[in-house]
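Asker: Can you read through this structure? Questions will come right after.
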Amino acid sequence: MEKITAIRGFKDILPDDAFRFQEVETIARFVFNSFGFREIRIPIMEKTELFKRSIGETTDIVEKEMYTFRDRDDELLTLRPEATASVIRAYIEHNMFANEQVTKLFTIGPMFRRERPQKGRFRQFNQIDVELFGDDKPQSDAEIIFMLIRFLQSTGLKDLQLEINSLGCKACRPTFSKAIIEFLKGRENELCPDCQRRINTNPLRVFDCKVETCGTIIANAPRILDFLCSDCEGHFKQVQSLLNDLKISFDINVRMVRGLDYYTKTAFEVKSGALGAQNAVAGGGRYDGLVKFLGGPEVAGIGFAVGFERLVACLPEEGKNVFQTDLFIAALGDRAQKLGFKLTNELRRAGIAAEMDYADKSLKSQMKRADKLNSSFTLILGDKEIDEKQAQLRNMKTKDQQALSLDNLQKTIITFIRER
RNA sequence: GUGGGUGUAGCUCAGUUGGUUAGAGUGCCGGGUUGUGGCCCCGGAGGCCGAGGGUUCAAAUCCCUUCACUCACCCCA
């Protein structure tokens, strides 16, 4: 039989890694809660239209990376490529804006993009997504960036670099775009094919190009920060000053452009080494106007997403995979097997991590398994012991071994393990 | 979507100018201790050499095709 493998770009998260995912999730919930964010759980599929409208018709994500299919009733559905659109949809659908001035939400789960897989990039990947609605003040920007950094530091992530930029708003960005196009016109021939295409699709992206000639050309190009309207400029200055107050160090990267259409004003990204080419662990920004654009009220918004797999990949290796068993029961003989089975499961009912071998193998092999399972204690229970109404409890670390009476055995074991 | 690299045991990898029964380490199972783990010693199981086709007396090895994985571009978390 030909074996069936997982879909390309879809990964199994094996127990060792799943353990680390759990730890990171726990930290995320703790940190976010302390900043007043509450969890929301949303579907992994939405009507295709939602993503087209929010992310932008001409973005790569919408043009060629979405898993879209036609449902039986002919409706077009899409596996979500990001979470912001869905969170906003839910925010509007449940009139959450009517309940409170500011709404702070986070969600954790899988996203889907049909890209070519590489290091740090998968077709199904998990994101931690945070959104803050109802506040357009720079304090929100600073707060959310501060929280992101706090969270990343709490997970043990070292050498992280925060980069920020302002992308302007619908008042000032178009002027800048025009200026860039103006600047690039006449030099198209000197640009790489990709950048020639970008002039029409997303001129700001030329700033990002890694081709050397494009880099030297764009170095003299107009800068977004010189084009910001007074509102955007003031906002950006304040964000910087607030971050300084919070002792968060950052670099301004005027070349940073975000790939999604909806971003305005502040954009930010956190990079870390050891990730290969896909070195962005988290990214986000402000998206004032998007909520209204998706049919809600005029409400400001800002958020970010953390690449779960990328974050875990950056974390130090140590401290993983310590699976512990409290007690292994080595049963020898039929009567012992029967008693052991009962005892094992009774102990589990009491919350003790108990294991035993049902195959009635040699004591040696059972001891080996106890060792492998990282068991603190092993209870040696043979038919011989049963005749003598006792069992041997061995401390695997100290090798101390003592006889316990079969009467009240379960209770004695529990006290032993709890007092360890 | 485009380009490079790699496919041999559960895992990490050797395998010479094509040549007999394809190896090591690790892991797994068993034994050395007829009832006591880790260290050590001994033994065993485990391979359509990614798949298909071709060249040859003979292919893991050479050629073609294909698939998968991987890294990079593009783009993004």
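The values are calculated or read from the model by the stated rules, or taken from the named source; none is laboratory data. No experiment lies behind these values; they were computed from the predicted model shown. Here Cβ is always computed from backbone atoms with ideal geometry, including for glycine, and neighbour counts include all displayed protein chains. These accessible areas exclude ligands, DNA and RNA; they are computed on the full protein's heavy atoms, side chains included. Shrake-Rupley method; radii C 1.70, N 1.55, O 1.52, S 1.80 Å.
Asker: Identify the residue in segment A:169-187 that is closer than 26 Å to A:C232 by Cβ and outside any helix (DSSP H, G or I) and, among all such residues, is farthest from RNA strand B (Cβ to nearest atom).
Answerer: Once the filter is applied, the top-ranked residue is A:A171.
Asker: Sticking with this structure for a sec: Answer yes or no as to whether A:K265 is more than 10 Å from RNA strand B (Cβ to nearest atom), charged (D, E, K, R), within 14 Å of A:I145 (Cβ to Cβ) and open to solvent by less than 30 Å² (accessible area, probe 1.4 Å). Can you show your working first?
Answerer: Working: more than 10 Å from RNA strand B (Cβ to nearest atom): yes; charged (D, E, K, R): yes; within 14 Å of A:I145 (Cβ to Cβ): yes; open to solvent by less than 30 Å² (accessible area, probe 1.4 Å): yes.
For A:K265, the condition - more than 10 Å from RNA strand B (Cβ to nearest atom), charged (D, E, K, R), within 14 Å of A:I145 (Cβ to Cβ) and open to solvent by less than 30 Å² (accessible area, probe 1.4 Å) - is met.
Asker: Still on this structure, I have one more. Having 2 or more residues that are closer than 25 Å to A:F323 by Cβ is the bar; report the strands (runs of 3 or more DSSP E) wholly within segment A:370-420 that clear it. Working first, answer last.
Answerer: Working: elements: A:375-382, A:390-395, A:401-405.
Strands (runs of 3 or more DSSP E) meeting the threshold: A:375-382, A:390-395.
Asker: Ok, one more. Quick check on this structure: which one of A:D159, A:D129 is within 19 Å of A:R29 (Cα to Cα) and not basic (K, R)?
Answerer: After applying the criteria, what remains is A:D129.
Asker: Moving on to the next point. Of the residues A:I380, A:I386, only one is within 7 Å of RNA strand B (Cβ to nearest atom), in contact with a helix residue (DSSP H, G or I) (Cβ under 8 Å, 6 or more places away or on another chain) and hydrophobic (A, V, I, L, M, F, W, C); which?
Answerer: Values: A:I386 fails: within 7 Å of RNA strand B (Cβ to nearest atom).
It is A:I380.
Asker: Could you please let me know if A:I218 is open to solvent by less than 40 Å² (accessible area, probe 1.4 Å) and outside the structural domain of A:I164 (by TED's automatic domain parsing)?
Answerer: yes
Asker: Give all pairs with beta carbons closer than 7 Å in which a residue from segment A:38-62 that is assigned by TED's automatic domain parsing to the domain that holds A:E82 and of a type in the set (A, V, I, L, M, F, W, C) meets a residue that is within 16 Å of RNA strand B (Cβ to nearest atom) and open to solvent by 70 Å² or more (accessible area, probe 1.4 Å); count only pairs at least 6 apart in sequence or on separate chains.
Answerer: A:I55/A:D261
Asker: In addition: Could you give me the residue pairs with C-beta distances under 6 Å whose first residue belongs to segment A:391-420 and is within 15 Å of A:K342 (Cα to Cα), whose second residue is open to solvent by less than 40 Å² (accessible area, probe 1.4 Å) and part of a helix (DSSP H, G or I) wherever it lies, and which are 6+ apart or on separate chains?
Answerer: A:A391/A:E385
Asker: Could you tell me how many of the residues in segment A:19-58 are over 26 Å from A:L260 (Cα atoms) and open to solvent by less than 30 Å² (accessible area, probe 1.4 Å)?
Answerer: Counting residues in segment A:19-58 that are over 26 Å from A:L260 (Cα atoms) and open to solvent by less than 30 Å² (accessible area, probe 1.4 Å) gives 4.
This table checks each residue for (1) within 14 Å of RNA strand B (Cβ to nearest atom); (2) among the polar types (S, T, N, Q); (3) modelled with pLDDT under 80; (4) open to solvent by less than 20 Å² (accessible area, probe 1.4 Å).
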position	(1), (2), (3), (4)
A:R116	yes, no, no, no
A:L132	no, no, no, yes
A:Q139	no, yes, no, no
A:L167	yes, no, no, yes
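Asker: Name every residue in segment A:365-375 that is open to solvent by less than 20 Å² (accessible area, probe 1.4 Å) and either within 7 Å of RNA strand B (Cβ to nearest atom) or under 18 Å from A:I413 (Cα atoms) (or both), in order of residue number.
Answerer: If the condition is that a residue be open to solvent by less than 20 Å² (accessible area, probe 1.4 Å) and either within 7 Å of RNA strand B (Cβ to nearest atom) or under 18 Å from A:I413 (Cα atoms) (or both), then A:A370, A:S375 are the ones that fit.
Asker: Here's another thing I want to ask about it. From the list A:N279, A:N244, A:N253, which residue is among the polar types (S, T, N, Q) and within 21 Å of the chain's Cα centre (by Cα)?
Answerer: A:N279
Asker: Can you work out which of the residues in segment A:30-59 that are more than 17 Å from A:H94 (Cα to Cα) and of a type in the set (D, E) is modelled with the lowest pLDDT?
Answerer: Across segment A:30-59, the extreme among qualifying residues is A:E57.
Asker: Next up: Would you confirm, using the coordinates I've provided, whether A:P193 is without any contact (Cβ under 8 Å) to a residue 12 or more places away in the chain and within 15 Å of RNA strand B (Cβ to nearest atom)?
Answerer: yes
Asker: Could you tell me which residue of segment A:188-230 is farthest from A:K265 (Cα to Cα), considering only residues that are part of a loop (DSSP other than H, G, I, E, B) and among the basic types (K, R)?
Answerer: Step by step, filter segment A:188-230, then rank; the result is A:K210.
Asker: Say we look at segment A:347-364 and pick out the residues that are near RNA strand B (Cβ under 7 Å from one of its atoms) and part of a helix (DSSP H, G or I); which of these is nearest to A:G382 (Cα to Cα)? Spell out how you get there, then give the answer.
Answerer: Step one: of segment A:347-364, the residues near RNA strand B (Cβ under 7 Å from one of its atoms) are A:361-364.
Add one more test, that the residue is part of a helix (DSSP H, G or I), and what stays is A:363-364.
Numbers: A:L363: 9, A:K364: 13 Å.
Residue satisfying both the conditions and the ranking: A:L363.
Asker: Under 9 Å between Cβ atoms, which residue pairs at least 6 apart in sequence (or on different chains) link something in segment A:332-349 that is buried (at least 16 other Cβ atoms within 10 Å of the Cβ) with a partner that is polar (S, T, N, Q)?
Answerer: A:L332/A:S362; A:L332/A:Q366; A:L343/A:Q410; A:L347/A:Q410
Asker: I would also like to ask the following. Name the residues in segment A:61-83 that are within 13 Å of RNA strand B (Cβ to nearest atom) and over 15 Å from A:L50 (Cβ atoms), would you?
Answerer: A:E63, A:K64, A:E65
Asker: Provide a single number: the residues in segment A:251-261 that are in contact with a helix residue (DSSP H, G or I) (Cβ under 7 Å, 6 or more places away or on another chain) and either closer than 9 Å to A:G285 by Cβ or open to solvent by 40 Å² or more (accessible area, probe 1.4 Å) (or both).
Answerer: Summing the residues that are in contact with a helix residue (DSSP H, G or I) (Cβ under 7 Å, 6 or more places away or on another chain) and either closer than 9 Å to A:G285 by Cβ or open to solvent by 40 Å² or more (accessible area, probe 1.4 Å) (or both) in segment A:251-261 gives 3.
Asker: Suppose the filter is out of contact with any His (no Cβ under 7 Å at 6 or more places or on another chain) and surrounded by 15 or more Cβ atoms within 10 Å (Cβ to Cβ); does A:A90 pass it?
Answerer: For A:A90, the condition - out of contact with any His (no Cβ under 7 Å at 6 or more places or on another chain) and surrounded by 15 or more Cβ atoms within 10 Å (Cβ to Cβ) - is met.
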